[in-house]
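A short reminder: the numbers here are calculations on the coordinates, not readings from a lab. Computed from a predicted structure; not experimentally measured. Positions of Cβ are generated from backbone atoms using ideal geometry, with glycine treated the same way; all protein chains shown enter the neighbour counts.
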Amino acid sequence: MPFSDRELLARMIQCEAGGEGDTGMQAVASVIMNRVYAPDGEYARVGLQNIRNIIFQPGQFDCATDYLNNRYNPQNIYNMNPEQIHYDIADWAIAGNRLYPLGTALWFYNPFSPECREYFPVRTGVFAVRVGEHCFYNPTDAYSET
């Protein structure tokens, strides 16, 4: 049986940011939902305002795939066991809430260093804020051309 959108989002929150506390999990949920409702660019075309399309867009989230670099990825959404906090944050994000000061952030990544680079990916996203171990990026004007 396929997972509901709520279940998928809760599993992504746990997988991508389960160790980042409530704020880190809210930040990741905000990015996913910002992509769902992106007004233009790649995510508007691919996502079509659908959580499932955003989560399973190839190459976007390591947690959405069973295999990375031809090796089994044990940290994937299928192996997650969400707890109430993950569902609560999923419900919070689906209801339209977003974490301030993320803004319209569409990307995040863990640089494994104290520094966040200015742009990610390339020049379509500009650094907005760091939350826990992750750097978050708002779209530049170049994003709408993707």
Under 5 Å, built H, 5+ apart or other chain: amide partners of residue 140:
125, 126
C-alpha long axis of helix 84-94 to longest principal axis of the chain, angle in °:
40
Using a Debye calculation, one point per C-alpha and no hydration shell, please list log10 I(q)/I(0) for the range 28-145 at q = 0.11, 0.22 Å⁻¹ in order.
-0.38, -1.46
Grab the other residues whose beta carbon is less than 14 angstrom from that of residue 65, score K and R as +1, D and E as -1, and report the net.
-1
Sorted by number, the cysteines in the chain with no other cysteine beta-carbon under 4.7 Å are none
Please list 3J(HN,Hα) in residue order for the range 34-45, calculated via the Karplus relation 6.51 cos²θ - 1.76 cosθ + 1.60 where θ = phi - 60°; whole Hz, with x for glycine and proline.
4, 5, 4, 9, 4, x, 7, x, 3, 5, 5, 5
Centre separation in Å (Cα based) which lies between the range 98-146 and the range 26-54:
15
Rounded to the nearest 500, what is the chain's calculated 222 nm mean residue ellipticity when only DSSP H runs of at least 4 contribute -39500 (n - 2.57) each, over all residues?
-10500 deg cm²/dmol
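With Cβ to Cβ distances under 13 Å as the rule, what net charge do the other residues near residue 42 carry (K, R +1; D, E -1)? Please list the in-between numbers first.
Details: positive: 35, 45; negative: 40, 145.
Every neighbour counted, the sum reads 0.
Using 0.36 nm per residue of separation minus the Cα-Cα distance, give me the extension gain between residue 122 and residue 72 in nm, one decimal. Write out the running numbers ahead of the final one.
Working: separation 50, 0.36 × 50 = 18.00 nm, distance 2.81 nm.
That works out to 15.2 nm of additional length.
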